[in-house]
Amino acid sequence: MNRPLLLRGGRVVDPSQDLDGPADVLVRGGKIEAVGSDIAGPDDAEVLDASGQVVAPGLIDVHVHLREPGGEHKETIHTGSHAALAGGFTTVWAMPNTDPPIDDPAAVGYLRLAARAARGTQVMPIGAASIGQKGERMTEIGELVKAGAVAVSDDGAPVWDTGLMRRLLEYTQTFGIPVLQHAEDMALAGGVMNEGVVATALGLRGLPNAAESCIVARDIQLVELTGGHLHVCHVSARQSVEQLGMAKEKGLTVTSEVTPHHLILTDEMCRGYNTEAKVNPPLRTEDDVEAVTQALLDGVIDIIATDHAPHTYEEKEQEFDYAPFGINGLETAFGLCMRALVQPGRLSLSGLIDRMSCNPARIMGLDSGTLRPGAPADIVVLDPGEQWTVDPADFRSRSRNTPIAGWELIGRVNHTLVAGEIRFERN
Amino acid sequence: MNQARPEFELGKDLVGLEGLSGATITGILDTAEPFKEISERAIKKVPVLRGKTIVNLFFEPSTRTRISFEFAEKRLGADTVNISSSGSSVVKGETLVDTARNLEAMRIDMVVIRHSSSGAASFLADRIPSNVINAGDGQHEHPTQALLDMLTIRDRLGRIEGLKVCIVGDIVHSRVARSNIFGLQALGAEVAVCGPRSLIPRGIEELGVESFNHIEDAIEWADALNILRLQLERMSTGFIPSLREYNRVFGVTRARLARAPRDTVILHPGPINRGVEIDSAVADGPQSVILPQVTNGVAVRMAVLYLLAGGVPGGAEAAKQEIS
């Protein structure tokens, strides 16, 4: 940590400065000191040979479930933060739907302490929006923020009460934090996969697109009323995208994310009652995949976030109705997005880094997501051309639940640096 | 869509009719024919499955399907055990796969499973080497019910190909509807559904199924109506306002049926809600094949058991003569 570090000979891709070309990066005191060609590092500098590799700002994931406390059989802050490192993430935001939920300052403090001890990626806690995530009374948001919470959310469930959502969008403005919404109309919910012909053939209860887009539409109206910052989690439906496009046109403070799985997988994956493809919001149709992809390219959807949702083998090895929702995403996110977006030529590598690092930092007000001198030295070194096969047995995550086991992905993270320290190095 | 495959192909299990060829389904129906006669004998037993052990694993209450399977098994000479969820370790929290593996460890040959979750039968079939027969999984499939429906239609009208069959009622929640759609289409019939839109699943037209909003139109169109039972809880869960109104709008009444351009065949998988989805005059009338369906149910299940145990279509006649 104290020794300067020179990343030499790589291709620096930093969309925040419009950089894409060969350069060295010098890190000192946990911060970026310089980016340029042929930097002569100080004599005592450690040198990391980055030739043939891309050097980029570390990835930022504002939506992960680390399961601690209460779900340590699925994931812990330790295992989750190391899974994140292996996926190239230098910062993750942890959702508060643990058991008990993160709805008081002591719980926020615990998360930060546990994260520091884990020495993995940086973990930033998201506080519960309502006490016990019951959707009734607001938490002490000021206290949560003081303890280190960076946002509030009832994710896992929506903030369902329209009045509470309004108050949240108003009250959070004092603290400058967003409300992260899991958009799902509970009166239209109750399904286990996307509503449509596949669900009909399988005899499984469906979750219609409108279950999501109704709440997106409602919440956008509330932002227009209140001016708060709404961030819509895991957008999956074409109709939601249409609402978000209108919100952007009006210049409202509405941001949103899409997961890697919603950018490439469809409800066809559920055939054979494949519980690994059971996720909420559900995998939808080609038409929806195209809509969210185009929205991400157009900037209607701002960022990619994984919604990393680890579950054990036993939990997924059940009848489809009983298996929990969720896909383990941290370690496959970059490679899957490369395959979905960059390989087919729809987005440049720089564009992908923008949506996985720079934009998350920008919309959430973080000082990372850039290699500008003075910024924290959160860096990922990756080989964008490396092909690899997803083998869940190799996951650092405590769980192995993924519908893309055996898939060939392209683009692999080889080093992850947090505050100038090499915390992950692929063997 | 099913490819027209000329040969009979039945795997280890019967979890659904989706994906089965017309030849396979015809093979099962043809195999049921000789078995019909066994149930008419004074001594209703042939030793085709002698020494085989079959477990009827019912996680959901069922009377007629369970009894029909049990008769079929016993008339073929198999040893059977019935397990219902209330009397098993399921209530102690044992998983489905563990229950099945424990049974497997006792060296069984076949499992007949009824379960409230769609996909439970294929879940089990993928995890144990025994033959698995789906006796109804959630809202997915109930293949032997559709087979007996088709056998009954064929008995009455002499063919399936080219017929128009309309399934009436609660399609969303019906495994009988799905199995009938897949099976009838494989045999070359046209399939439609009729009911309130709140009980018709989205995307059904992509399965090649037409939808009628009015029962009168369905009656006008169809050669056979398969009328589903309307579960009473559909009212409390808000799918329809009342049973009374359902009967007034969608009930198959004598007056409505009298305007049919042909002698429409009336099927119902039972149990009947008289005066709700069907009037007594229709259920008990000359066009009704509701009781022949029940009789055929035993023969169809005998055929499925026989075929999964290694029998071949066309071999049933010889098999039952051989030792009886």
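The values are calculated or read from the model by the stated rules, or taken from the named source; none is laboratory data. In this text the structure is predicted, and so the values were computed from the model without any measurement. Positions of Cβ are generated from backbone atoms using ideal geometry, with glycine treated the same way; all protein chains shown enter the neighbour counts.
Worth a mention:
Residue by residue, here is whether (1) closer than 27 Å to B:ASP126 by Cα; (2) modelled with pLDDT of 95 or more; (3) buried (at least 21 other Cβ atoms within 10 Å of the Cβ) holds:
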residue	(1), (2), (3)
A:HIS229	no, yes, yes
A:LEU244	no, yes, yes
A:LEU252	no, yes, no
A:SER256	no, yes, yes
A:THR259	no, yes, yes
A:LEU265	yes, yes, yes
A:VAL279	yes, yes, yes
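- Meets criteria (at pLDDT 95 or above, within 14 Å of another protein chain (Cβ to nearest Cβ), touching a helix residue (DSSP H, G or I) at 6+ places or on another chain (Cβ under 9 Å) and crowded, with 22+ Cβ neighbours inside 10 Å) for A:ALA199: yes
- The range A:301-316, residues that are part of a loop (DSSP other than H, G, I, E, B) and among the acidic types (Asp, Glu): A:ASP302, A:ASP307
- Inter-residue pairs, beta-carbon under 6 Å, first surrounded by fewer than 18 Cβ atoms within 10 Å (Cβ to Cβ) and in the range A:145-169, second part of a helix (DSSP H, G or I), 6+ apart: A:GLY148/A:VAL108; A:GLY148/A:ARG112
- All conditions but one from (1) assigned to a strand (DSSP E or B); (2) surrounded by fewer than 19 Cβ atoms within 10 Å (Cβ to Cβ) apply to A:ALA56; the one that does not is (2).
- For the range B:96-141, a residue qualifies if it is more than 7 Å from chain A (Cβ to nearest Cβ), part of a loop (DSSP other than H, G, I, E, B), farther than 22 Å from B:ALA72 by Cβ and among the hydroxyl-bearing types (Ser, Thr, Tyr), and exactly one does: B:SER116.
- Every residue from the range A:133-173 that is closer than 17 Å to A:VAL254 by Cα and modelled with pLDDT under 95: none
- Any hit, the range B:69-88, residues being at pLDDT below 95, among the aliphatic types (A, V, I, L, M) and not in a strand (DSSP E or B): no
- Test set (1) assigned to a loop (DSSP other than H, G, I, E, B); (2) within 14 Å of chain A (Cβ to nearest Cβ); (3) surrounded by fewer than 20 Cβ atoms within 10 Å (Cβ to Cβ) - B:GLU206 fails condition number: (1)
- Any chance A:GLU290 is part of a helix (DSSP H, G or I) and within 14 Å of chain B (Cβ to nearest Cβ): no
- From the options B:ILE181, B:ILE160, B:ILE171, B:ILE240, residue that is at negative phi, β-branched (Val, Ile, Thr) and more than 20 Å from the chain's Cα centre (by Cα): B:ILE240
- Evaluating A:GLU68 against the criteria (1) charged (D, E, K, R); (2) touching a His at 6+ places or on another chain (Cβ under 9 Å); (3) at positive phi leaves one unmet condition, (3).
- In the range A:179-196, residue farthest from B:VAL193 (Cα to Cα) [restricted to those that are away from chain B (no Cβ under 14 Å) and crowded, with 24+ Cβ neighbours inside 10 Å]: A:VAL179
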